[in-house]
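The values are calculated or read from the model by the stated rules, or taken from the named source; none is laboratory data. Computed from a predicted model, the values in this text were never measured in an experiment. Cβ placement follows ideal geometry from the backbone for every residue including glycine, while neighbour counts extend to all protein chains displayed. With ligands, DNA and RNA removed, areas are computed over all heavy atoms of the protein, side chains included. Shrake-Rupley method; radii C 1.70, N 1.55, O 1.52, S 1.80 Å.
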Amino acid sequence: MYLAENERYGKMKYNRCGESGLRLPAVSLGLWHNFGETAALENMKELLFTAFDNGITHFDLANNYGPPAGSAETNFGRILRENFQSYRDEMIISSKAGYTMWDGPYGDGGSRKYLIASIDQSLTRMGLEYVDIFYHHRMDKETPLEETMEALSQIVKSGKALYVGLSNYDGETMEQAAAILKELHCPFIINQNRYSIFDRTIEQNGLKEIAAKLHKGIIAFSPLAQGLLTDRYLNGIPADSRIRSDGRFLKQSALSEERLAQIRALNELAKKRGQSLAEMALAWIFRDQVVTSVIVGASKKEQILDNIGALRNMSFTEEEIKAIDAIAKKA
């Protein structure tokens, strides 16, 4: 039976999620990759044990994570049942629905039908009575926003989720959704969006600014740009890299000569700060104290430990911020 490290909470920084009473670890573990049927169960356990032993209390899933879809929740549920049962109240477990999960007109989008069926399926796969955070995974222009938000509110009122979040929303739509959820007295506390040195979309579509104005949390996924903001690609493409092993989300074309030059320039700046490139890239996310947490993925436990290392130096000079921005704009 797994026994957690006694000193785990002293190894992590915890940030309040907006104005809510919930605090999330600065580093959260995402199960988007490496928890499907193609992954080894023992490695999944090692990743989860390493994360929890180092104060990572938040585990982020979605109904369609795998492959195949649903398998990440199934595998996580098995490990939770066999190893983490006594620690459930020390964990934040989140899931999402919004992308295609099953065939037919009811397996995608933002309808009440889809969202409520999805939360029921997710809870069954994980063997849980509730999740801590349930997200609508994407905007759906074919469904009235009121219907989607009312479904989220119903999920909370039925006891199947404690809080709700929105993922991949722009600022304007999130602000409209937040107003509806406030009227419904539904605890909307967090936005999950892609954000990194290489991807500034939430700065351009209003999400970051409006989340700060409304005092809602932000949790950033792909903060390392699918591994590009690490030392893995400084000298080419390794045989065991995501580009080689799973080209669904990170393709070889993403590593152009221009991008490689940027990565190397950022790596040199990180060295001057006494950090790895990954540590600097994660610390950069928190530079203005708007983001609550970053979601990291891992295939090896060492990657989790390296990512937590970002917490040792999270301050930047104005000159460093300008240098990072200048490098990022060169592509």
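Once the 1.4 Å probe is applied to the protein heavy atoms, the chain comes out at 44 Å² accessible per residue. A cut-off of 5 Å between modelled amide H atoms, ignoring neighbours fewer than 5 places along the same chain, links Gly165 with Phe134, Tyr135, His136. Shown here for the range 10-73: GluC sites (Glu not before Pro) in loop regions (DSSP other than H, G, I, E, B) with at most 13 other Cβ atoms within 10 Å, namely Glu19, Glu37. Contact order for the range 1-68, expressed relative to its length and based on alpha carbon pairs under 8 Å spaced 6+ residues apart, stands at 42 percent. Of the residues Arg88, Arg125, Arg312, the one with the largest accessible area comes first in the ranking Arg312, Arg125, Arg88, computed with a 1.4 Å probe on protein heavy atoms. Once you list every other residue whose beta carbon is under 10 Å from the beta carbon of Ile133, what net charge do they have if Lys and Arg are +1 and Asp and Glu are -1? The answer is -1. If you line up the long axis of helix 318-328 against the longest principal axis of the chain, both from Cα atoms, how many degrees apart are they, to the nearest 10? On a 0 to 90 degree scale, this one is about 80. Based on alpha-carbon centroids, what's the gap between the range 27-74 and the range 87-164 in Å, whole number please? Using only Cα atoms to place each centre, the spacing works out to 19 Å. Remark: relative contact order (the chain) = 17 percent; criterion is Cα-Cα distance under 8 angstrom and separation of 6 or more residues.
Within the shell of other residues whose beta carbon sits under 15 angstrom from the beta carbon of Ala323, the net charge comes to +3, with Lys and Arg scored +1 and Asp and Glu -1.
With a 1.4 Å probe rolled over the protein heavy atoms of all chains, the accessible area of His215, His58 falls in the order His215, His58, largest first. The portion of the accessible surface of the chain made up by carbon and sulfur, rounded to a whole percent, is 48 (1.4 Å probe; DNA, RNA and ligands excluded).
Helical runs (DSSP H, four residues minimum) scored at -39500 (n - 2.57) apiece and divided by the length of the chain put the mean residue ellipticity at 222 nm at -11000 deg cm²/dmol. Packing around the peptides 90-100, 200-210, taken as the average count of other Cβ atoms within 10 Å per residue, puts them in this order, highest first: 90-100, 200-210. Beta bridges assigned by DSSP with both partners in the chain are antiparallel in approximately 10 percent of cases.
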